Every structure is written in structure tokens, then in C-alpha cells.
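The values are calculated or read from the model by the stated rules, or taken from the named source; none is laboratory data. Note that this is a predicted model, so its numbers are computed, not measured. Cβ: placed from backbone, ideal geometry, glycine included. Neighbour counts: every protein chain shown. Heads up: the accessible areas ignore ligands, DNA and RNA and are worked out on the full protein's heavy atoms, side chains in. Shrake-Rupley method; radii C 1.70, N 1.55, O 1.52, S 1.80 Å.
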Amino acid sequence: MQQLDHLITKKIRSTYGRRVVSPIIYCIFLIFVWFYTPMQSLAHPLSISDHAQIEALADDGSQYITTTLRNLNFTGYTQSHLGFVTGYYYYTMRDDGCYIVVLSPRTCEEGLPEIDAVTIRASIRRQPESYALLAEQLAADLDWTTSGFYDTVSNCIISEPGFGRISSMILLTFYFASGAYALLSIVLFTLYALFPVLSPASRQLGLYGKRGELLAQAEEELATLPQLATEDMYITEHFFIAFANKSVTVIPINEIVWIYKHSTLHNILWYHFSISYTLHITANKHLYIQFPKNMKSDIDGIIDYLSEANHNILVGFNEKNRKAVQAMPGVTRFTDGLIAFFKQKI
């Protein structure tokens, strides 16, 4: 039949042609995040000298910095979160003015009165929520007016806890790891679409012989002698072929050792509106595949035909078949949790 010519190859190409779109969109999103959020500054904090204008950096969006601070004096105030002290307020003079600095408890040894010099990674924030109250209290301690305090002290706070070392590392790790995964997916999906013989479907066939020859044989049998066909599953003389689950599967029938189905009841609140069936296939070489959301008649037809084509196939999920499959060499072994799950389903 003309519409079945090279159908496996066409499905592999179309499947991975569609799947490559999502990682491409995600990479575009990551690029946007890199250039239009503080992510770039977080990954590469700007190293600044004593002469740098911190207020200007804050205005430009450089929110994360690495700097050396000198001659810090403890104000007597601490920063707390959920009842725990997370920072100690100091003040220091720089070439561009006087700044309030928040140091982590470890850096300042929980409130040293004076610190000669310390190098930190920090965030810079203009007028954070705590600034007004802190300014008022410090002005009173120094016997200044509040307006005089604002004129003397920068409204940018340099905060070491604000850099969030642990949270920043988690965020950066996720950003780069997910980006690397997306790039790898783009490369692999593109290769699979251009060269179907490299795809997972072909590699599965490679477990049972030369992948190129088996794929060509399956293509020829599907185009000329399909024995049984449903919406997305086919059986030829020697192969079971399925186009489902965002993937393509081709399995030699003589390698299948166990088939069964289980049902899933779909409901909204208390209303049961449909039942779908999942086909489970276990084959030699530790291959286990499931095909969800099928009609009962389609799966029953597939199971009946496969069991007739290969009389060695065990049919149905029961304890006898489970133990028989577990005893077979080169067959997937199931965990107790998975077995319990299917016992509830059957």
C-alpha cells in the first residue's frame, strides 16, 4: 500500500522533527533570561574596585558584585529571618561615599566590632524595605537628623546574604544543566530526524541483529504484508510496530515473551467518563514497553494475534506469568512496588 511505504522512517522523522521544537523554544527562553534578568550578573559577579560607583552599577542593573570592603564598623543591628540571625549591619567609607553593608554571620564572626578588610560576593539593592527604619534608628544613635543621614549615607545596601550562595548555586546549576540538556536534545533529535537508523527505535532493533537490515525488513513487510492494523499499531509477519508515546517502536515478534493489558478509569471529581487500556510488552534483552490510552478492542486484537503468531508468549498479568518471566535470563525483572501497582490495577 502506497501510504505505508517507508512509514517507519517517515514516522521517526516526523516524531523527532516535532520533538525538537520544545528544546529550541526553551533555549530561546534561556537566552532571554540571560540578557534581560540578573542571571548574567549572578553567574559572573562584576569585580569592582574601591573607586567604582556602586549606585551607578545598581542603576545599570549590575545587582551582583565581588568587592573588597575596608574599615567596617558594626552598627549594633542585625538582620533576622524566621527567628534566625542572617546578617549583621556594618557601615564603611568608600571613595564614592558611605555604605551600609550586611555581612553573613560567618564572615563577621557573628558581629566583630571592627573589620579591617574583607572580600565578599554581594548583591546591591537600592532602598530595600528595611532601609527607612534602619536609617531612622542609626540617625538617632549617631545623633544625626534623618535627612542628614540620607545626605551622607548611600541608599544602596551591599548585602552578602542577599547574594544567596546556596539558592544562587541551585538556580545556576538548574539553569546550566537544563540548558545543556536542551542543547543535547536538539542535537540528538536533529540527528534522529536526519538519520533514522540512529534513533532509539533502530537501536532497540539493534538488540536483536543488524539494525539497518531489520529496519529495512520491517519497512518492506509493513508496506506489502501488514497482517493487522489499528490506529497506531501494526503487526507484520515478523514485527510488532507501534507509533505512540511520542516514539516509534519496532519489536521482532519472536523476541516477545509477555503481553498483558490493564485498565485506567478517567474521572472528573466524582464522575467517571471513560476507561482507557494500556498494553504492556516485555521482550528479551531487558526490553519493556507500554502503550497507554488505547481502546479495549484494539488491544485485545493485538494480544490475540501476537499470541497466535508466537505460542511462547505469556498472556495476562498473573503471579504464574510473573514468576515465569522473572526466571527467564535476559528479561526485565520487576520491583515489588511495580508489581503491587499492577495488582491494584488488574
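General observations
- Taking segment 6-97 as the region of interest, the helices (runs of 4 or more DSSP H) fully inside it that hold 2 or more residues being open to solvent by 30 Å² or more (accessible area, probe 1.4 Å) and not hydroxyl-bearing (Ser, Thr, Tyr) are 7-19, 21-36, 54-60.
- Any hit, segment 243-250, residues being open to solvent by less than 40 Å² (accessible area, probe 1.4 Å), under 25 Å from Ser14 (Cα atoms), of a type in the set (Gly, Ala, Ser) and out of contact with any Gly (no Cβ under 7 Å at 6 or more places or on another chain): yes
- Test: Ser130 is among the hydroxyl-bearing types (Ser, Thr, Tyr), in contact with a helix residue (DSSP H, G or I) (Cβ under 8 Å, 6 or more places away or on another chain) and either modelled with pLDDT under 90 or under 20 Å from Leu42 (Cα atoms) (or both): no
- Segment 274-313, subset of a type in the set (S, T, N, Q) and modelled with pLDDT of 90 or more, residue surrounded by the most Cβ atoms within 10 Å (Cβ to Cβ): Thr282
- Any hit, segment 218-230, residues being among the polar types (S, T, N, Q) and not in a helix (DSSP H, G or I): yes
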